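The values are calculated or read from the model by the stated rules, or taken from the named source; none is laboratory data. Keep in mind it's a predicted model, so treat the numbers as computed, not measured. FYI the Cβ positions are ideal-geometry reconstructions off the backbone, even for glycines, and counts take in every protein chain you see.
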């Protein structure tokens, strides 16, 4: 998971008083004139769970249709960690992520413009989503500060002060040409104790959204998503939802989570936000990727998820299976000749007589963290697992048996021992009308 | 490369125009029961821990024509005996090695005691064992254990144990010892695998390639005589360690396939090895180039377009070079490999700079394809009878050295590097020293965190941010 902890250590922020902020004007004006917000997507809702808030839908994007709910693998630097895009396609992936921050550094806007966008650049003809780069900027560069203009940081090479504004971010994402682009938001750790700062970040994210909408050159082919901020304060989240929904972006993201906050808080925020968001728009919870978090967030009404965890953990030799995560570097797997996940139909686990590779735990143990191929194989399995999980989730919602699906899912992980079920999951699901402990 | 698996249980090696004299190029087919036949001359792809480095198994099957693999036993036997691969559940006719490494059914597996190229080990070989290097340190591989490995793992071809001296030239006494030991290892192995004392149903189905030491003819003549007479019925091929050995293969062994485990420095040298009569060769520089970010770019026989250029062309393309940053042409024009069909140079330049593993995976596929084509071209050329002229034209058309390595490759593991010694350079650059927080941050940002390659002005030009 992405680490927000670093954010808490940020130094004092410089907020130039001279910088004109039309925030007050905006909230008091009767109905501000806003740029019309065309949408390059259509969102078809198919089914809604009769108990929970889970929904099954299809998102039609410029590079193909994406069944929701969906997990999106993260190809940070225009490559999914050693996999070829045909291997990624094989897992069924229709939409993956690139990072604006990384692509802005390498190869840079000039190259992206010359080549004609990130799809052509990396040879991926399905959909791309890019984040705004603000998160990486603040979390990776210790010397960054957020001001009303944008994110100030020192160039890592020569130390000269630089400024990344919402306009830069959108311009970069326009050059990347991703199908979904994200606004630049003021990222702050949810665990921050500074309430004033959280409120400021929320207000600023709203103002920056307006700048992003203004700067967005291709709304007819790239969908700009807003990002709901407001920390763990539900009141702030509500205000933010209200402000941002009014701006009518094609999709809506819930940001600032996955930062080490308690899971109960996380669920409350998602539940509160989805309650206020329009039904006819996709909802994306950023940076969430553990299977348990995803299936619960789906029950709370979220549609899209991304996380580097499944691919990163694969490189460390961890396989995601129904029963949780297996650390295949452990000595006990050296002589285990069963497939990574019995019954999984990814190219690695499928037996050879069904056209698979018949990879065993023992072989992954043998190559993991030693040969790049070990990472390739396990990454394929993990991505396939996550996507297959989402296919199953969607099917369960369509057939209106999502509560039963959830019960089985948790029973698999905890081997049927209900006393071990996490409190936060039980509580969150009770909040949307289902009892996880029921038989 | 693409013939049907042969039906019989035997290995056949048929040489086209079998009257080929010694020290001349020859074309043939090596066919093993149930495996894709290998047209020779050809190259045997090298593996590391059972995998073709960087290319995952599914891509090997779908997007390369790899149908044989060289596997070093030392990659598998690092901890206490028996190693996991001996316990793979396999039917009587199945190879547990093949199952363990998930190799395709029709690929020919060649098992050697050590990786190739092997790393020189400080411990000495003994009368009954050789020193090997595993991922957890040096060990001895006993000769009887190697025989056991051949029996249990059932590779298609096993390369006999040889007492080799790596990294330095052996002295006179040592050379005598090398021959005696290798002789003894071979005699012992053949006895246990196929000897009269072994019941027919227990006789190994694995084909044994006897080693020929990288020494003079005269020194090992006794050993070679024995190979030709006493051992002849049991050996199915020869494993050579230098091209000079091709010159003194006894006539009686002339019909055996010759696997040349050598480290050619350029395609010119591969062609030379073929011209001396090598049937199977190894090409370590292939992976070396992939790791270095170099896409091989040569063809044999030389295409007219290259001939017309007049001056010698480079053998590869360094994709680290920023001149490729915006280049949307394939690595090599007209190349049909996966990497060239799907991607362009700009992407490779980016992947290398971003240290993304995909760079090496794609380059490996391309480089395998280029070497594949070189050998296919050589086979046709020999059959046409124009090999000698074609080689001369190749020498005129291309420079003789591979491009220099300019960029960093993947992180090397211990088992891929020579052992650290008192007079060896450091394996890794020093990482301690500057402990203050800021400089450490910068140092870290060099490696794990993406950092721009340019200064503030460059960033501004990139449109990334503006100077204030």
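Taking helices (runs of 4 or more DSSP H) that fall entirely within the range A:275-374, which contain at least 1 residues that are under 30 Å from residue A:254 (Cβ atoms) and within 13 Å of chain B (Cβ to nearest Cβ)?
On the way: elements: A:291-299, A:309-315, A:361-367.
Fully inside the range A:275-374 and qualifying: A:309-315.
Evaluate the range A:178-188: report whether one residue or more is within 14 Å of chain B (Cβ to nearest Cβ) and either farther than 24 Å from residue A:113 by Cα or crowded, with 24+ Cβ neighbours inside 10 Å (or both). So that I can check it myself, show each step before the final result.
First, the residues of the range A:178-188 that are within 14 Å of chain B (Cβ to nearest Cβ): A:184.
From what is left, the residues that are either farther than 24 Å from residue A:113 by Cα or crowded, with 24+ Cβ neighbours inside 10 Å (or both) are A:184.
Yes, some residue in the range A:178-188 is within 14 Å of chain B (Cβ to nearest Cβ) and either farther than 24 Å from residue A:113 by Cα or crowded, with 24+ Cβ neighbours inside 10 Å (or both).
Residue B:327 is checked against (1) under 23 Å from residue B:52 (Cα atoms); (2) touching a helix residue (DSSP H, G or I) at 6+ places or on another chain (Cβ under 8 Å); (3) outside the structural domain of residue B:119 (by TED's automatic domain parsing) and fails just one. What number does that condition carry?
(1)
Taking only the range B:178-195 into account, find how many residues are buried (at least 17 other Cβ atoms within 10 Å of the Cβ) and under 16 Å from residue B:217 (Cα atoms).
First, the residues of the range B:178-195 that are buried (at least 17 other Cβ atoms within 10 Å of the Cβ): B:178-179, B:181-183, B:185-186, B:188-190, B:192-194.
Imposing the further condition that a residue be under 16 Å from residue B:217 (Cα atoms) reduces the set to B:178-179, B:182-183.
Within the range B:178-195, residues that are buried (at least 17 other Cβ atoms within 10 Å of the Cβ) and under 16 Å from residue B:217 (Cα atoms) number 4.
Of the conditions (1) in a helix (DSSP H, G or I); (2) over 26 Å from the mean Cα position of the chain (by Cα); (3) crowded, with 16+ Cβ neighbours inside 10 Å, residue B:201 clears all except one; give me its number.
(3)
Tell me yes or no: at least one residue of the range B:305-319 is touching a strand residue (DSSP E or B) at 6+ places or on another chain (Cβ under 8 Å), within 12 Å of another protein chain (Cβ to nearest Cβ), touching a residue at least 24 places away in the same chain (Cβ under 8 Å) and not in a loop (DSSP other than H, G, I, E, B). Walk me through how you get there before you give the answer.
Going through the range B:305-319, the residues touching a strand residue (DSSP E or B) at 6+ places or on another chain (Cβ under 8 Å) turn out to be B:306, B:312-319.
After this cut, where a residue has to be within 12 Å of another protein chain (Cβ to nearest Cβ) as well, the list is none.
No, because not a single residue in the range B:305-319 is touching a strand residue (DSSP E or B) at 6+ places or on another chain (Cβ under 8 Å), within 12 Å of another protein chain (Cβ to nearest Cβ), touching a residue at least 24 places away in the same chain (Cβ under 8 Å) and not in a loop (DSSP other than H, G, I, E, B).
Listed here are the residues, each with its yes/no results for (1) within 21 Å of residue B:157 (Cα to Cα); (2) buried (at least 16 other Cβ atoms within 10 Å of the Cβ); (3) at pLDDT 95 or above.
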position: B:221; (1), (2), (3): no, no, no
position: B:232; (1), (2), (3): yes, no, no
position: B:240; (1), (2), (3): yes, yes, yes
position: B:247; (1), (2), (3): no, no, no
position: B:270; (1), (2), (3): no, yes, yes
position: B:277; (1), (2), (3): yes, yes, no
position: B:282; (1), (2), (3): yes, yes, yes
position: B:304; (1), (2), (3): no, no, no
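Applying the selection to the range A:220-237, what residues are under 19 Å from residue A:118 (Cα atoms), touching a helix residue (DSSP H, G or I) at 6+ places or on another chain (Cβ under 8 Å) and assigned to a loop (DSSP other than H, G, I, E, B)? Show your work before the answer.
The first filter runs over the range A:220-237 and keeps only residues under 19 Å from residue A:118 (Cα atoms), leaving A:220-225.
Then keep just the ones that are touching a helix residue (DSSP H, G or I) at 6+ places or on another chain (Cβ under 8 Å); that gives A:222, A:224.
Listed by number, the list holds a single entry, A:222.
If you go through the range B:353-362 one residue at a time, do you hit one that is facing chain A (nearest Cβ under 10 Å), outside any helix (DSSP H, G or I) and in contact with a helix residue (DSSP H, G or I) (Cβ under 6 Å, 6 or more places away or on another chain)? Don't jump to the end; show me each part of the working.
Pass one, the range B:353-362, residues facing chain A (nearest Cβ under 10 Å): B:353-362.
With the extra rule that they be outside any helix (DSSP H, G or I), the set shrinks to B:354-356.
Imposing the further condition that a residue be in contact with a helix residue (DSSP H, G or I) (Cβ under 6 Å, 6 or more places away or on another chain) reduces the set to none.
Scanning the range B:353-362 turns up no residue that is facing chain A (nearest Cβ under 10 Å), outside any helix (DSSP H, G or I) and in contact with a helix residue (DSSP H, G or I) (Cβ under 6 Å, 6 or more places away or on another chain).
Please determine whether any residue of the range A:416-433 is buried (at least 21 other Cβ atoms within 10 Å of the Cβ) and either free of Cβ contacts under 8 Å to residues at least 24 places away in the same chain or within 14 Å of another protein chain (Cβ to nearest Cβ) (or both).
Checking the range A:416-433: not a single residue is buried (at least 21 other Cβ atoms within 10 Å of the Cβ) and either free of Cβ contacts under 8 Å to residues at least 24 places away in the same chain or within 14 Å of another protein chain (Cβ to nearest Cβ) (or both).
Taking residue A:312 as the residue in question, decide whether it is within 23 Å of the chain's Cα centre (by Cα), surrounded by fewer than 24 Cβ atoms within 10 Å (Cβ to Cβ) and within 20 Å of residue A:88 (Cβ to Cβ). Walk me through it before giving the result.
Values: within 23 Å of the chain's Cα centre (by Cα): yes; surrounded by fewer than 24 Cβ atoms within 10 Å (Cβ to Cβ): yes; within 20 Å of residue A:88 (Cβ to Cβ): yes.
Yes.
If a residue must be assigned to a helix (DSSP H, G or I) and either in contact with a strand residue (DSSP E or B) (Cβ under 9 Å, 6 or more places away or on another chain) or in the same structural domain as residue B:60 (by TED's automatic domain parsing) (or both), how many such residues does the range B:379-406 contain?
Initially, the range B:379-406 is screened for residues assigned to a helix (DSSP H, G or I), giving B:379-384, B:387-397.
Remaining after also requiring either in contact with a strand residue (DSSP E or B) (Cβ under 9 Å, 6 or more places away or on another chain) or in the same structural domain as residue B:60 (by TED's automatic domain parsing) (or both): B:379, B:397.
Within the range B:379-406, residues that are assigned to a helix (DSSP H, G or I) and either in contact with a strand residue (DSSP E or B) (Cβ under 9 Å, 6 or more places away or on another chain) or in the same structural domain as residue B:60 (by TED's automatic domain parsing) (or both) number 2.
Scan the range A:133-151 residue by residue and report those that are in contact with a strand residue (DSSP E or B) (Cβ under 9 Å, 6 or more places away or on another chain) and at pLDDT 85 or above.
If the condition is that a residue be in contact with a strand residue (DSSP E or B) (Cβ under 9 Å, 6 or more places away or on another chain) and at pLDDT 85 or above, then A:146, A:147, A:149, A:150, A:151 are the ones that fit.
Would you call residue A:328 in contact with a helix residue (DSSP H, G or I) (Cβ under 9 Å, 6 or more places away or on another chain) and either farther than 17 Å from residue B:99 by Cβ or in the same structural domain as residue A:86 (by TED's automatic domain parsing) (or both)? Talk me through it step by step, then tell me what you get.
Values: in contact with a helix residue (DSSP H, G or I) (Cβ under 9 Å, 6 or more places away or on another chain): yes; either farther than 17 Å from residue B:99 by Cβ or in the same structural domain as residue A:86 (by TED's automatic domain parsing) (or both): yes.
So residue A:328 passes the test.
Go through the residues of the range B:330-340 one by one and say whether even a single one is surrounded by fewer than 19 Cβ atoms within 10 Å (Cβ to Cβ), assigned by TED's automatic domain parsing to the domain that holds residue B:391 and in a helix (DSSP H, G or I).
no
How many residues are facing another protein chain (nearest Cβ under 7 Å) and either in contact (Cβ under 8 Å) with a residue 60 or more places away in the chain or at positive phi (or both) if we restrict to the range B:56-80? Before you say what the answer is, go through the steps one by one.
Within the range B:56-80, the subset facing another protein chain (nearest Cβ under 7 Å) is B:56-59.
In the following step, the residues that additionally are either in contact (Cβ under 8 Å) with a residue 60 or more places away in the chain or at positive phi (or both) were identified as B:56, B:59.
Here the count works out to 2.
Of all residues in the range B:225-255, which are within 26 Å of the chain's Cα centre (by Cα) and assigned to a helix (DSSP H, G or I)?
B:227, B:243, B:244, B:245, B:246, B:247, B:248, B:253
Write out, first by first residue and then by second, each pair whose Cβ atoms fall under 7 Å of each other, whose residues are 6+ apart or on separate chains, and whose first residue, in the range B:95-109, is more than 18 Å from residue B:77 (Cα to Cα) while the second is modelled with pLDDT of 95 or more and assigned to a strand (DSSP E or B).
Partner pairs satisfying both residue conditions: B:103/B:69; B:103/B:109; B:107/B:68; B:107/B:69; B:108/B:38; B:108/B:68; B:108/B:157.
If a residue has to be surrounded by fewer than 24 Cβ atoms within 10 Å (Cβ to Cβ) and part of a helix (DSSP H, G or I) to count, how many in the range A:238-264 make the cut?
So the answer is 9.
So which helices (runs of 4 or more DSSP H) stay within the range A:71-160 end to end and still have 2 or more residues that are facing another protein chain (nearest Cβ under 8 Å) and more than 20 Å from the chain's Cα centre (by Cα)? Write out each step before concluding.
Values: elements: A:85-90, A:100-105, A:109-115, A:118-122, A:134-140.
Filter on the range A:71-160 gives A:85-90, A:109-115, A:118-122.
For the range B:44-58, enumerate the residues that are more than 26 Å from residue B:93 (Cβ to Cβ) and surrounded by 24 or more Cβ atoms within 10 Å (Cβ to Cβ). Explain how you work it out, then say what you get.
Step one: filter the range B:44-58 for residues more than 26 Å from residue B:93 (Cβ to Cβ), giving B:46, B:48, B:53-56.
Selection gives B:54, B:55, B:56.
Which of the residues that make up the range B:204-224 are under 29 Å from the mean Cα position of the chain (by Cα) and either more than 24 Å from residue B:171 (Cβ to Cβ) or not in a loop (DSSP other than H, G, I, E, B) (or both)?
Selection gives B:204, B:205, B:206, B:207, B:208, B:209, B:210, B:211, B:212, B:221, B:223, B:224.
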